[in-house]
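Quick notes on the structure that follows.
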Amino acid sequence: MRVLAPGETISGAALAARLGVTRAAIWKQVATLRAAGLPIEASSGAGYRLLWPTQLLDRERIVAAIADDDSPAAAAPVELHWELDSTQDELARRLGELPDLAVVLAEQQTLGRGRRGRGWHSPPGMGIALSCLKRFGGSPAALSGLSIAMGVSVVQALASLGVPDLCIKWPNDVVARGGKLAGVLIEISGEYDGPCIARVGVGVNVRLPAAVAASLDQPATDLASLCGGEPPDRNRLAARLIGHLRRGLLDFERTGLKPFAEAFAPLDALADARLAVHGVQDIREGVGRGIDERGALRVQTERGVFALLSGEVSVRRR
Ligand code: BTN
């Protein structure tokens with residue numbers, strides 16, 4: 001992958017010589033990358049080429065860009081792994097050891113997880129997959145608005161890099177032009193009445209391979225399509241996301257949901273939309289009416305307005 005990342009054609013023989021392996025081993029490796037969704041073209045004679053050149057993640061460049069951005073907690077650790085099962089699981093394994101606002105990034109995840117038991121595809125070079133750790137003194141219940149705060153933080157990070165047309169589908173799917181661009185998974189562990197630890201995982205589609213898009217159960221989009229074929233540099237993007245997430249976590253601890261709720265309102269993709277709310281037992285219909293002070297979605301039905309807390313239900317536009 002490292003050799004193919006610049007998008008130049010390289011022969012199987014040259015690849016084998018460069019990596020000190022047989023041509024059969026190269027063929028196998030290319031097949032694995034293709035199975036992960038990477039568009040690798042092979043032409044007899046010329047060799048292999050990644051159709052979309054990409055920058056691989058580089059920890060030094062990410063850390064330097066975080067410092068350039070003047071982000072808070074710039075000294076907190078940033079770890080980059082070539083491959084993990086899931087950055088969320090890596091944080092979970094190391095809760096006792098990692099300090100607040102530590103970030104773990106993976107170039108690829110083998111068992112990436114989304115909300116509501118879904119998977120999250122993370123082929124190498126095609127997206128951003130990262131998780132950030134934050135301890136809170138209060139109870140997990142006090143973090144009900146964190147989903148909204150983190151969705152807003154991701155949108156602000158992307159908007160600061162010029163990504164157009166962003167909005168949020170409650171609670172925190174980042175969508176643009178009708179497709180999902182990024183998702184946030186928040187997992188909380190701790191005592192019923194506090195303290196607790198939040199792991200905030202963010203996945204962004206930089207280039208979504210067609211095979212991956214086709215396997216998803218909802219429309220998706222990527223930064224390449226939104227940015228006229230030229231997505232932002234992945235290292236800059238990772239740094240920007242880290243900076244905004246850390247600032248968002250610190251601000252949320254200080255101020256709670258209120259300022260994030262204000263920022264959420266104009267981004268709310270479900271405002272005034274006709275919705276079908278899929279609960280465990282039933283499907284209810286109504287109209288989206290923003291969020292309440294806990295970050296719950298307000299839905300107006302014939303029988304009045306009710307509020308949905310995230311995790312309970314999935315919501316679809318009708
Ligand atoms: C969703 O919209 O369903 C949430 C997707 C969250 C994906 C990210 S990728 C980094 C982190 N590690 C995971 O396994 N999941 C989150």
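Laboratory data are not the source of any read-out in this text; all were calculated from the coordinates shown. Everything quoted here is computed from the prediction, not taken from an experiment. Virtual Cβ from ideal backbone geometry, glycine too; neighbours counted across all protein chains shown.
Apply the a/c threshold of 1.5 to the C-alpha gyration tensor of the range 172-289 and tell me whether it is rounded, prolate or oblate.
Details: a/c = 1.62, a/b = 1.10, b/c = 1.47.
Verdict is oblate for the range 172-289.
Taking Cα centroids, how far is the range 147-168 from the range 69-97 in Å?
What the calculation gives is 21 Å, centre to centre.
From Cα pairs below 8 angstrom and at least 6 apart in sequence, can you work out the relative contact order of the chain, rounded to a whole percent?
Values: 648 pairs, mean separation 49.8, N = 318.
Rounded, it is 16 percent for the chain.
Please state the shape class of the range 221-293: rounded when a/c is under 1.5, otherwise prolate if a/b exceeds b/c and oblate if not, all from the C-alpha gyration tensor. Please report the intermediate quantities before stating the final value.
Details: a/c = 2.47, a/b = 1.37, b/c = 1.80.
In terms of gyration-tensor shape, oblate.
How do ARG318, ARG2, ARG34 rank when sorted from fewest to most other Cβ atoms within 10 Å of their own Cβ?
On the way: ARG318 9, ARG2 12, ARG34 16.
Ranking ARG318, ARG2, ARG34 by Cβ neighbours within 10 Å, fewest first, gives ARG318, ARG2, ARG34.
Among ARG199, ARG247, ARG303, ARG59, which comes first, second and so on when ranked by fewest other beta-carbon atoms within 10 Å?
ARG303, ARG59, ARG247, ARG199
Only sites in a loop by DSSP and with at most 12 other Cβ atoms within 10 Å count here; which GluC sites (Glu not before Pro) in the range 71-143 make the cut? Walk me through the numbers on the way to the answer.
On the way: sites: GLU79, GLU83, GLU90, GLU97, GLU107; in loops: GLU97.
Those satisfying the criteria are GLU97.
Which one, HIS244, PRO231, LEU130, projects farthest toward the positive side of the charge dipole computed for the chain from Cβ point charges (K/R +1, D/E -1)?
PRO231
I need the phi-derived Karplus couplings for the range 271-276: 6.51 cos²θ - 1.76 cosθ + 1.60, θ = phi - 60°, integer Hz, Gly and Pro marked x.
These are the phi-based 3J(HN,Hα) values: 4, 6, 8, 7, 10, 10 Hz.
Compute the Rg/Rh shape ratio of the range 1-78: radius of gyration over Kirkwood radius, all on alpha-carbon atoms. Please list the in-between numbers first.
On the way: Rg = 16.7 Å, Rh = 14.4 Å.
Looking at the range 1-78, the ratio lands at 1.16.
At 222 nm, what helix-only mean residue ellipticity would the chain give, in deg cm²/dmol to the nearest 500, using -39500 (n - 2.57) for each DSSP H run of four or more? Present the calculation step by step, with values, prior to reporting the outcome.
Values: 9 runs with 92 residues, N = 318.
Per the formula, -8500 deg cm²/dmol.
If you plug each phi of the range 26-36 into the Karplus form 6.51 cos²θ - 1.76 cosθ + 1.60 with θ = phi - 60°, what whole-Hz ³J(HN,Hα) values come out, in order, with x for Gly and Pro?
So the J values, rounded to whole Hz, are 5, 4, 5, 5, 5, 4, 5, 5, 5, 5, 6.
Taking the Cα atoms only, what angle lies between the long axis of helix 146-160 and the longest principal axis of the chain, rounded to 10 degrees?
Helix 146-160 sits roughly 50 degrees off the main axis of the chain.
Determine ³J(HN,Hα), in whole Hz, for all residues of the range 256-269 in sequence, where each value follows from phi through the Karplus function 6.51 cos²θ - 1.76 cosθ + 1.60 and θ = phi - 60°; x replaces Gly and Pro.
In residue order, the calculated couplings are x, 6, 3, x, 6, 5, 5, 6, 5, 3, x, 9, 5, 6 Hz.
Could you check the spin-label model distance between ARG303 and GLU187? Points 7 Å from the Cα along Cα→Cβ, value in nm.
3.5 nm
What dipole magnitude, in Debye to the nearest 20, does the chain give about its Cα centre under +1 on Lys/Arg Cβ and -1 on Asp/Glu Cβ? Don't jump to the answer; show the numbers that get you there.
Values: 37 positive and 35 negative charges, 141 e Å.
Rounded to the nearest 20 debye, it is 680 debye.
Once a ≥ b ≥ c are taken as the square roots of the eigenvalues of the Cα gyration tensor of the chain, is the result rounded (a/c under 1.5), prolate (a/b larger than b/c) or oblate (a/b not larger than b/c)?
Values: a/c = 2.09, a/b = 1.57, b/c = 1.33.
Judged from the Cα gyration tensor, the chain comes out prolate (a/c at least 1.5, a/b above b/c).
Counting other beta carbons within 10 Å of each residue's own, what order do LEU226, LEU181 fall into, fewest first?
Details: LEU226 20, LEU181 27.
Placing the least packed residue first, the sequence is LEU226, LEU181.
For SER11, list long-range residues whose amide hydrogen, built 1.01 Å from N in the peptide plane, is under 5 Å from its own amide hydrogen.
Here TYR48 satisfy the definition.
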